[in-house]
Amino acid sequence: MARSLPPLNALRAFEAAGRHQSFSRAANELGVSHSAVSRHVRGLEDRLGAQLFRDLPRGVALTQAGARYLAALSPAFDHIAEASEVFAQRPTGQVIVDAEPLFASNWLIPRLGDFYQRYPEIELRLEASNTLADIARYEADLAIRFYHAGPPSDDLLLVSDAPLYPFAAPSLVPDPLPASKLLKLPLLRDRYEDTWKEWAIAAGYDVTPAGQSDWRLRATLAYAAALAGQGVLLTSADVTEGDVKAGRLVQCSDIGFRMGSYHLVAGEGVMRRGPVRIFRDWLLDQSAPLRSVSR
């Protein structure tokens, strides 16, 4: 039995306009005019006998019927795109990734040579900031962010939930120390939470650490201070791996605890692009050991 399908161009126009909640942005994505998108959508509404969008003072919004239709169509287009990529050449294009500075410089950048070697056709643009990139406005396709109490959405992908341990320069702490002595040393803070008190409790000391200062440094500066031998820093093995191997830092204790995790945040619809999915898969493969520590 033959399928009764609306015109493909009308479906593409509606799906793009629904994702963007904008005819203009849908037109830019599809490389057609605003009027062409509007004409396709209105024709689709006439064919279906349903209103898919309602006009707003500035732009459009999906109706309930439109939202249901979009929820059914978008996965179908995703499946078609993924199935078609099997026959296409290797994906090319740009991927913009925004990561927290310490994670970007200490963990991600040392591994990017592997990505460039595997996927020379993909242009990776890496940026670093402490605030979440405005993905909705396309400042980044993906962002790697640390969430202290778990991510705000179950849809985010876990990158690392490595525990925090105390690290210091060997000039300050040549060998691992018992907690009672470690807590008397200068203790650096790079987070708003009282992480040293949490660590003291994990070590069996329900007290405010004597060596803790009242002021806090940004993570990159606190890390630099630890390298310079100015104090002990609570951080994770994912960002200290290179400096520990080089002898610039030592882990001061086997006592650690978890207080959050790094997650991958994706912009709306970006996973439809092959280069973005390739980077996501590569990142999750590279970071697998950072998740297995708690599994």
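The values are calculated or read from the model by the stated rules, or taken from the named source; none is laboratory data. Predicted, not measured: the structure shown is a model, and the values here were computed from it. FYI the Cβ positions are ideal-geometry reconstructions off the backbone, even for glycines, and counts take in every protein chain you see. For accessibility, only protein heavy atoms count, side chains too; no ligands or nucleic acids. Shrake-Rupley method; radii C 1.70, N 1.55, O 1.52, S 1.80 Å.
Here are some notes:
- Antiparallel %, DSSP beta bridges [both residues in the chain], to 5: 60
- Spin-label model, Y116/F77: points 7 Å from Cα along the beta carbon direction are separated by 3.5 nm.
- Share of carbon and sulfur in the accessible area of the chain stands at 52%, probe radius 1.4 Å.
- Largest-first principal axis extents, alpha carbons of the chain, Å: 77, 41, 34
- Rounded to the nearest 20 debye, the dipole size of the chain about its Cα centre is 520 debye, using +1 on the Cβ of Lys and Arg and -1 on the Cβ of Asp and Glu.
- Separation of the E139 and T63 label points, Cα + 7 Å toward Cβ, nm: 3.7
- Helix-only arithmetic for the chain: the sum of -39500 (n - 2.57) across DSSP H runs with n ≥ 4, divided by the residue total, places the mean residue ellipticity at 222 nm at -11500 deg cm²/dmol.
- Protein heavy-atom accessible surface, 1.4 Å probe, per residue over the chain: 53 Å².
- Taking a point 7 Å from the Cα of A246 along the Cα-to-Cβ direction, the residues of the range 163-200 with backbone N closer than 14 Å to it are 169-170.
- Size of the range 1-99: Rg and Dmax of its alpha carbons, in Å, are 15.1, 51.
- As a length-normalised measure over Cα pairs under 8 Å and 6 or more apart, the relative contact order of the chain settles at 21 percent.
- Legend: calculated FRET efficiency, L48 to L124, from the Cβ-Cβ distance at R0 = 30 Å, rounded to 0.05, equals 0.15.
- Two-site FRET efficiency, A224 against Q21, from Cβ-Cβ distance with R₀ of 51 Å, rounded to 0.05: 0.70
- Residues of the chain were split at every exposed loop site, defined as chymotrypsin sites (Phe, Trp or Tyr not before Pro) in a DSSP loop with at most 11 other C-beta atoms within 10 angstrom, and the longest piece left, sites excluded, is 88-191.
- Folded to 0 to 90 degrees: helix 34-48 orientation relative to the chain principal axis, Cα: 70
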